[in-house]
Amino acid sequence: MAAILLDIDGVLHVSGEVVPGAPEAVRELRLDGHRLRFVTNNTTRARGQLAEELSGLGIELEEADIATTPLAAGRLLEGKRVLALVMEAVRGDLAGHVQLVEDGADVVLVGGADESEETGRVFEYANLNRAFVALESGARLVCLHKNRWWQTSRGPLLDSGAFVAGLEYAAGVEAEVVGKPTRTYFEAALAELGVPAGEAWMVGDDVDADVGGAKSAGLRGVLVRTGKFRPEALEAADLRPDGVVDSIVDVPALLREAAV
């Protein structure tokens, strides 16, 4: 049996609307004996909130089954003074590990965007300029992810990667990325499951961050045609998926075939 890393946004739901058949597919994967870990670049909700929302969609899981980038960043930056440009909902996940400050930061941490007006407040000029000043004074630039855009029920929306790129350009620095597609993120998720990369699969809707990142870390990758899937992105991808399916509903059968 395999260890399965499942992306959340775009694979299990899109803007809170469950992908048809996703709860049943997750249940089927568990019945087949696979060990599951839900991995996400979502930086707008605390892990507990994500668990509640997924449970409300009918997906069976425990809070501890979810790996989030804010928690990974907290562990990475343990004890540091952090200027955090993040959504209010995830500050609690960070506060248990780092000291959140407005001035004198060791690290500038950039989170993700969402569909609310809070995004505009987090990435307003004054906050971006405060981050720039901190970087000019020697602070590290760390981002929870560097996604350029994300898929919603209203269509694609600009994500925080654009703001990260602006800070990199202005301060002449390169951001450290915590979440997908970094190798360390996948390795940390697998370490919690206690399995090597060669026995694991990643299921995602992003051919670069999900599939490409996973394959670079030694996992096999399955791309679903939901969420932010784009045929042209698949065609241009450097690392090809080991399987492409219409949705997560098709993943249990794919894994059975692969095991034969």
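The values are calculated or read from the model by the stated rules, or taken from the named source; none is laboratory data. Every value quoted in this text rests on a predicted model; they were computed, and no experiment measured them. Neighbour counts are summed over all protein chains in view; Cβ atoms, including those assigned to glycine, are modelled from backbone coordinates with ideal geometry. Note: areas computed on protein heavy atoms with side chains; ligands, DNA, RNA excluded. Shrake-Rupley method; radii C 1.70, N 1.55, O 1.52, S 1.80 Å.
All of (1) more than 16 Å from the chain's Cα centre (by Cα); (2) assigned to a strand (DSSP E or B) hold for Phe38 with one exception: (1). Filtered by the rule that a residue be in a loop (DSSP other than H, G, I, E, B), at pLDDT 85 or above and closer than 18 Å to Lys180 by Cβ, region 88-112 gives a lone residue, Gly111. I'm checking my understanding of the structure. Among residues of region 184-200 that are part of a helix (DSSP H, G or I) and aliphatic (A, V, I, L, M), which one is farthest from Ala2 (Cα to Cα)? Among those residues, the one meeting the criterion is Ala188. With of a type outside the set (Phe, Trp, Tyr), surrounded by fewer than 20 Cβ atoms within 10 Å (Cβ to Cβ) and over 30 Å from Ala134 (Cα atoms) as the only criterion, which of Gly79, Gly21 stands out? Result: Gly21 is the single residue among Gly79, Gly21 that is of a type outside the set (Phe, Trp, Tyr), surrounded by fewer than 20 Cβ atoms within 10 Å (Cβ to Cβ) and over 30 Å from Ala134 (Cα atoms).
Flag not set for Leu239, criterion: surrounded by 21 or more Cβ atoms within 10 Å (Cβ to Cβ) and under 26 Å from Arg148 (Cα atoms).
Exactly one residue out of Ala67, Ala25 is assigned to a helix (DSSP H, G or I) and in contact (Cβ under 8 Å) with a residue 12 or more places away in the chain, and it is Ala25. Pairs linking a residue in region 78-92 that is without any contact (Cβ under 8 Å) to a residue 12 or more places away in the chain and more than 14 Å from Val142 (Cβ to Cβ) to a residue that is in a strand (DSSP E or B) and of a type in the set (Gly, Ala, Ser), with Cβ atoms under 8 Å and 6 or more positions apart or on different chains, are Arg91/Ala84. So, Lys146, is that one out of contact with any Asp or Glu (no Cβ under 6 Å at 6 or more places or on another chain), open to solvent by 10 Å² or more (accessible area, probe 1.4 Å) and closer than 16 Å to Ala73 by Cα or not? So Lys146 passes the test. Going by the structure shown, is Glu53 touching a strand residue (DSSP E or B) at 6+ places or on another chain (Cβ under 9 Å) and either aromatic (Phe, Trp, Tyr) or part of a helix (DSSP H, G or I) (or both)? Taking the combined requirement at face value, the residue satisfies it. Can you tell me which residue is most open to solvent (accessible area, probe 1.4 Å) among those in region 149-176 that are assigned to a loop (DSSP other than H, G, I, E, B) and closer than 24 Å to Thr226 by Cβ? Once the filter is applied, the top-ranked residue is Arg154.
Pairing each residue of region 236-253 that is modelled with pLDDT of 95 or more with any residue that is open to solvent by 50 Å² or more (accessible area, probe 1.4 Å) and not in a loop (DSSP other than H, G, I, E, B), provided the two are 6+ apart or on different chains, yields C-beta distances under 6 Å for Asp242/Arg220; Pro252/Glu28.
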